[in-house]
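Single-structure report; data block below.
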Amino acid sequence: MDRSRRNFCLGAGAATIGAATVAAMPAAAAAPGAASLRRDGDPAHRWAMVVDVGKCVGCQACTVACIMENDVPENSFRTIVSTYEVTEQGKAGSYMLPRLCNHCEDPPCIPVCPTGATFQRRDGIVVVDNTVCVGCAYCVQACPYDARFINHETQTADKCTFCVHRVEAGLLPACVETCVGGARVFGDLNDPDSAVATLVREENPKVLKPEQGTQPRVFYLGLDPRFQGKVDGTPTLWRPSAQPHAQKEHA
């Protein structure tokens, strides 16, 4: 059993005091009054994810698992691994950057929603009530991480939910469960003994676009500073037949 699964299973049913030692600020202090507006979910937990960039091989298993688990429509993605070609000192290589909703402590997508369809649960997960959403796309524009889209089948806003239905059943998000390299670790920041809390506390992880002040709860290990603002990668699965330029000649 890998570290993420073991720690998640051990901590899913337990509430532990001491979140302030892990997160930069407790939820109530991060945005005065915001915590009182949250609904649903168990406030004893604060779910988060740590992504180890060095372990990601760009296989897109997470992307496919998410699509299958959440019935994501074609050509739309709740999570994706953006791949960048990097040339350094005359040598070319690839850089993998897994991306998803950051479930921020101070999410900018919530105040712009005119109907209250987008809201944050008391466990920190940001969700969309598509029975209330009118598809105005204000939240899509407000998200600095390009993590939202309008579902062309439901005509409502869509995004990663940390697979909240699985979490409530004591399971890991589909992307974590299927990551072949163990690059994604999910757990409870409020449990100081969880793998997530330990990594955040001891490894000094980075977040995307820290200058936005949103306090993301998706953290990155080994994140190259040059990619902290890179959230505009091509949102598509690799199709060799459609990319003949990807094949290189060998002498």
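Picking from residues in the range 122-158 that are of a type in the set (D, E, K, R) and either touching a Pro at 6+ places or on another chain (Cβ under 9 Å) or on the phi > 0 side of the Ramachandran plot (or both), the one that is most open to solvent (accessible area, probe 1.4 Å) is Glu153.
Being closer than 21 Å to Cys56 by Cβ, surrounded by 23 or more Cβ atoms within 10 Å (Cβ to Cβ), out of contact with any strand residue (DSSP E or B) (no Cβ under 8 Å at 6 or more places or on another chain) and of a type in the set (A, V, I, L, M, F, W, C) is true for just one of Cys179, Cys175. Which residue is that? Don't jump to the end; show me each part of the working.
Numbers: Cys175 fails: out of contact with any strand residue (DSSP E or B) (no Cβ under 8 Å at 6 or more places or on another chain).
Selected residue: Cys179, the only one of Cys179, Cys175 that is closer than 21 Å to Cys56 by Cβ, surrounded by 23 or more Cβ atoms within 10 Å (Cβ to Cβ), out of contact with any strand residue (DSSP E or B) (no Cβ under 8 Å at 6 or more places or on another chain) and of a type in the set (A, V, I, L, M, F, W, C).
Ile17 meets all of the listed conditions (1) outside any strand (DSSP E or B); (2) out of contact with any helix residue (DSSP H, G or I) (no Cβ under 8 Å at 6 or more places or on another chain); (3) modelled with pLDDT of 50 or more but one, namely (3). Pairs linking a residue in the range 145-164 that is farther than 18 Å from Trp47 by Cβ to a residue that is of a type in the set (Phe, Trp, Tyr) and assigned to a loop (DSSP other than H, G, I, E, B), with Cβ atoms under 9 Å and 6 or more positions apart or on different chains, are Phe149/Phe77.
Taking strands (runs of 3 or more DSSP E) that do not extend beyond the range 88-172, which have at least 1 residues that are among the aromatic types (Phe, Trp, Tyr) and at pLDDT 95 or above? Even if it seems obvious, please write down each step before you answer.
Working: elements: 91-99, 118-120, 126-128, 148-151, 156-159.
So the answer is 118-120, 148-151.
The set of residues in the range 204-232 that are of a type in the set (Gly, Ala, Ser) and either open to solvent by less than 30 Å² (accessible area, probe 1.4 Å) or free of Cβ contacts under 8 Å to residues at least 60 places away in the same chain (or both) contains only Gly229. Screening Val196 with (1) open to solvent by 100 Å² or more (accessible area, probe 1.4 Å); (2) at pLDDT 95 or above; (3) under 22 Å from Cys66 (Cβ atoms); (4) of a type outside the set (S, T, N, Q) gives one miss only, at (1). Please specify each residue of the range 66-87 satisfying the condition of being open to solvent by less than 20 Å² (accessible area, probe 1.4 Å), in contact with a Cys (Cβ under 7 Å, 6 or more places away or on another chain) and not in a strand (DSSP E or B). Across the range 66-87, the qualifying residues are Cys66, Val72, Thr79.
Given the criteria more than 26 Å from Gly54 (Cα to Cα), open to solvent by less than 30 Å² (accessible area, probe 1.4 Å) and of a type in the set (A, V, I, L, M), does Ala117 qualify? Before the answer, list the steps.
Values: more than 26 Å from Gly54 (Cα to Cα): yes; open to solvent by less than 30 Å² (accessible area, probe 1.4 Å): yes; of a type in the set (A, V, I, L, M): yes.
Taking the combined requirement at face value, the residue satisfies it.
Pairs meeting the criteria (first residue in the range 85-112 and in contact (Cβ under 8 Å) with a residue 12 or more places away in the chain, second residue in a strand (DSSP E or B) and acidic (Asp, Glu), beta carbons under 9 Å, at least 6 apart or on different chains) are Ser94/Glu85; Tyr95/Glu85.
The values are calculated or read from the model by the stated rules, or taken from the named source; none is laboratory data. The shown structure was predicted, so the numbers you read here are calculated from the model rather than taken from an experiment. Glycine gets a Cβ as well: all are built from the backbone with ideal geometry, and neighbour counts include every protein chain shown. Calculation scope for accessible area: heavy atoms of the full protein, side chains included, ligands and nucleic acids excluded. Shrake-Rupley method; radii C 1.70, N 1.55, O 1.52, S 1.80 Å.
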